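Just below is one structure, and these are the notes that go with it.
The values are calculated or read from the model by the stated rules, or taken from the named source; none is laboratory data. Quick caveat, the model's predicted, so the values are computed rather than measured. Here the Cβ positions follow ideal geometry from the backbone for every residue, glycine too, while neighbour counts run over all protein chains shown.
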Amino acid sequence: MFSSSPSRYSSDPDGIVYLAGTPWDGVAATDHHLTRALANAVGQSLYVDPMVTIPNLLRNHGAHPVPIALGLDHVTPNVTRLGTLGPPLATRPEVYRAATSWHHSRIKKAIRESHLLPRAVILANPLGAFPRLARATRMLYLTDDWVSGARLLGLSTVTIQRRLRQNVGSADIVGAVTPGLLTKLRTIDPNKPSITLPNACEIPVLRPLPQWPSDLPYGPSVGLVGQLNERIDVQLLESISDAGMPLVVIGPMTAKDPSVIHDFETLFERDNVRWLGLKTSQDLPAYISRFKVGITPYRINAFNNHSFPLKTLEYLSYGLPAVATDLPASRFLSTGLIDIAQTGPEFVSFVRKHWGAARDTTACQARRDFARTHSWGARADQLIAALNAHTDFK
C-alpha cells in the first residue's frame with residue numbers, strides 16, 4: 001500500500017510507472033503534470049513516452065518539430081523518462097503484439113536500471129497495454145475522449161475501441177478526467193472500481209512582476225493560452241477582435257485540418273490580434289499575469305464535451321477572471337468564479353465586462369484560493385487515496 005505519509009516525507013521507494021499518451025518534452029499536459037505531482041508524493045517514478053517509430057522520426061521535421069528523446073534519462077529529481085523506438089506499422093494486429101512485447105521489455109529493463117519499486121502502473125495511452133509488473137496495481141486513465149477524437153488524433157476508431165475494451169478488462173481500477181468519460185468506461189465493466197480525476201493546475205509562486213515582455217502589446221488584453229487546434233472556436237476569437245478588444249494568443253499551432261489552420265492564420269493578420277507562439281513555463285507568468293481576462297473558447301461538440309481544459313483553472317490560479325463556453329467540465333467545477341457562456345454574444349459580453357473592469361484584489365484572491373483546491377498536488381493525493389482504497393498490496 002502507498003504510504004499515507006507521501007515520500008515528500010520519506011525516501012522509501014514507492015513509485016509509479018506512467019505510460020503516457022504524450023511525450024514528456026512535448027506540450028506539458030495532463031500526463032506531464034500528474035506524473036510530476038505523483039512522483040513528489042510517492043517517490044522515484046518512471047514516465048514512459050509513447051513508442052516512436054522510424055516513420056515518426058522521418059516525419060518529425062519542419063518549422064515546429066516535436067522533441068523526441070530515446071533511452072533513459074532523468075527529467076526531474078523524482079522522474080526518469082524512457083523513450084523507445086519501435087517498428088513501422090506498430091498498430092497493425094500482426095505487428096502490435098511483437099511491438100508491445102518489445103516495448104514492455106524496455107520498460108522492465110528501465111525499472112531494473114532505475115532501481116524502482118513501482119506500486120502502480122497507470123496507462124494513459126490509447127494504443128498502449130499494461131506490462132506485467134509484480135505487485136503493481138493497474139489503472140487505466142482516460143485523459144480525453146480517445147474514441148470520439150480518434151480521427152482528429154490520426155488513429156483508427158475500431159483499433160481504439162478494441163484497445164479500450166482490452167485495457168478495461170486488464171485494469172484493477174479505471175479513471176477519467178470527466179464524469180461523462182467515466183460513464184463510457186463503466187458501460188464496458190460497470191463493476192470495475194472507478195474514479196473521476198479531473199485536470200488541475202500548477203499554483204504559481206507570486207513574485208514581483210518582471211519587466212514587461214517585449215513582444216506583449218502594452219495595455220489591457222484578452223488572453224488565450226493553449227494549443228491551437230480543432231477544439232477552438234475561431235469565430236469567438238474573431239468576435240472578440242470585432243468588438244475592439246486586443247487579443248493575445250499563446251501556444252503552438254497543432255491543428256491538422258487545413259481549413260482550421262487557414263482560419264487561425266487569417267485571424268492573426270488582424271491588427272488587434274497577436275500570436276506569440278509557444279512560451280516556456282518559466283516565461284508564462286510574465287504574460288498571463290498581465291492579461292485582464294483569460295478565455296476558454298472551446299467548440300461545443302461530442303469530442304469537447306468529454307474534455308477537461310487545463311487553461312480555465314490556470315487562469316484562476318493567477319487570479320484572472322475566466323470566461324468559458326458551456327462545457328460539462330466548466331459546470332463540474334461548480335463555482336461562480338467562471339463565467340460560462342451559452343451563446344457567442346454572451347461570451348463576448350462576459351469578456352467585455354472583465355476587460356473593461358478595474359482590478360478587484362478580493363476577487364483575485366478568491367480565484368487563487370479556489371484554484372489551490374484543484375492543484376496537481378491535490379489530484380495526486382486524491383489518486384493515491386483511490387489506489388489504496390481499491391487495491392491490496394501484499
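Numbers at a glance
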{"item": "Flag for Thr178 being surrounded by 16 or more Cβ atoms within 10 Å (Cβ to Cβ) and of a type in the set (Ser, Thr, Tyr)", "result": "yes"}
{"item": "Answer from Trp376, Trp355 - the residue that is surrounded by 18 or more Cβ atoms within 10 Å (Cβ to Cβ), in contact with a His (Cβ under 8 Å, 6 or more places away or on another chain) and not β-branched (Val, Ile, Thr)", "result": "Trp376"}
{"item": "Qualifying strands (runs of 3 or more DSSP E) (wholly inside segment 235-329; at least 2 residues being of a type outside the set (A, V, I, L, M, F, W, C) and closer than 26 Å to Ser214 by Cβ)", "result": "273-277"}
{"item": "Segment 138-174, residues that are closer than 20 Å to Ser194 by Cβ, polar (S, T, N, Q) and assigned to a loop (DSSP other than H, G, I, E, B)", "result": "Thr143, Ser148"}
{"item": "All positions within segment 181-197 that are surrounded by fewer than 18 Cβ atoms within 10 Å (Cβ to Cβ) and part of a loop (DSSP other than H, G, I, E, B)", "result": "Asp189, Pro190, Asn191, Lys192, Pro193"}
{"item": "Total residues in segment 198-219, condition more than 25 Å from the chain's Cα centre (by Cα) and among the hydrophobic types (A, V, I, L, M, F, W, C)", "result": "3"}
{"item": "One residue from Thr266, Thr254 being β-branched (Val, Ile, Thr), surrounded by fewer than 19 Cβ atoms within 10 Å (Cβ to Cβ) and modelled with pLDDT under 95", "result": "Thr254"}
{"item": "Search result, residues across segment 222-244 that are closer than 13 Å to Arg270 by Cβ and surrounded by fewer than 21 Cβ atoms within 10 Å (Cβ to Cβ)", "result": "Val234, Glu238, Ser239, Ser241, Asp242, Ala243, Gly244"}
{"item": "Asn125, sole failed condition from (1) assigned to a loop (DSSP other than H, G, I, E, B); (2) polar (S, T, N, Q); (3) more than 23 Å from the chain's Cα centre (by Cα)", "result": "(3)"}
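Matching residues to (1) within 21 Å of the chain's Cα centre (by Cα); (2) of a type in the set (Val, Ile, Thr); (3) at pLDDT 95 or above:
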position: Ala134; (1), (2), (3): no, no, no
position: Val147; (1), (2), (3): yes, yes, no
position: Leu182; (1), (2), (3): yes, no, yes
position: Pro190; (1), (2), (3): no, no, yes
position: Thr196; (1), (2), (3): yes, yes, yes
